[in-house]
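S.K.: Got a structure for you, written out below as structure tokens; questions coming shortly.
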Amino acid sequence: MMERPNTTLGMRHVALFVDDLEACLHFYVDLLGMAVEWQPDPDNYYLTTAGQDNLALHRGPEARSANRDTALDHIGFMLRKIEEVDLWYRFLLENDVKMKTEPRTHRDGARSFYCFDPEGNTVQIIYHPPIANSVQ
């Protein structure tokens with residue numbers, strides 16, 4: 001059995017489905033002081049506090065659908081190096097963790113995959129360059 005890879009940088013990423021994206025941007029950016037790190041399109045914003053964390057806001061009808069009890073999309077555990085993503089994927093597979101996706105590289109240079117915790121919550125294991133580069 002494969003040995004567990006290096007520990008993660010912790011849970012520094014949360015993604016929320018929201019109905020009123022503009023109100024959420026006002027709350028998190030104007031009131032709480034987060035900055036827009038990346039906006040890939042009009043329905044998705046990625047916010048940060050000095051590069052130490054990442055909050056994704058996703059506009060969509062999924063926010064309060066009949067199939068969803070919460071606005072939580074997923075939580076994310078950050079990694080220090082891009083090559084650790086595939087190590088974690090193989091390690092969790094070997095330990096019978098149910099996967100949602102395989103590892104892939106994103107448009108912004110991040111690399112990640114999604115799996116499920118024992119209660120069915122979606123967990124992302126992610127290398128995200130701005131956060132990885134900000135941690136000593």
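The values are calculated or read from the model by the stated rules, or taken from the named source; none is laboratory data. Please read all numbers here as calculations on a predicted model, not as lab measurements. Because the Cβ atoms are built from the backbone with ideal geometry, glycine has one as well, and the counts that use them run over all protein chains shown. Quick note on the areas: whole protein, heavy atoms, side chains included, nothing else; ligands and nucleic acids left out. Shrake-Rupley method; radii C 1.70, N 1.55, O 1.52, S 1.80 Å.
S.K.: Rounded to the nearest 500 deg cm²/dmol, what is the calculated helix-only ellipticity per residue at 222 nm for the chain, with -39500 (n - 2.57) per DSSP H run of length n ≥ 4?
M.R.: -4000 deg cm²/dmol
S.K.: Moving on to the next point. Could you give the size of the charge dipole of the chain about its Cα centre, using +1 on the Cβ of each K and R and -1 on the Cβ of each D and E, expressed in debye and rounded to the nearest 20?
M.R.: Once rounded to the nearest 20, the dipole reads 340 debye.
S.K.: Right, another one. Of the listed peptides 120-131, 11-22, what is their order by residue-averaged count of other C-beta atoms within 10 Å, with the highest listed first?
M.R.: Descending mean neighbour count gives 120-131, 11-22.
S.K.: Kindly express, to the nearest 10 degrees and within the range 0 to 90, the angle between helix 84-94's C-alpha long axis and the longest C-alpha principal axis of the chain.
M.R.: Compared with the principal axis, the helix lies near 70 degrees.
S.K.: Can I ask one more? Per the 1.4 Å probe, what fraction of the accessible area of segment 26-136, in percent, lies on carbon and sulfur atoms?
M.R.: Roughly 51 percent of what the probe reaches on segment 26-136 is carbon or sulfur.
S.K.: List the relative contact order of the chain as a percent without decimals, with contacts defined as Cα pairs under 8 Å and 6+ residues apart.
M.R.: Reported relative contact order: 26 percent.
S.K.: What does the C-alpha gyration tensor say about the overall shape of the chain? Classify as rounded when a/c is under 1.5, otherwise prolate if a/b is larger than b/c, or oblate.
M.R.: The shape class here is oblate.
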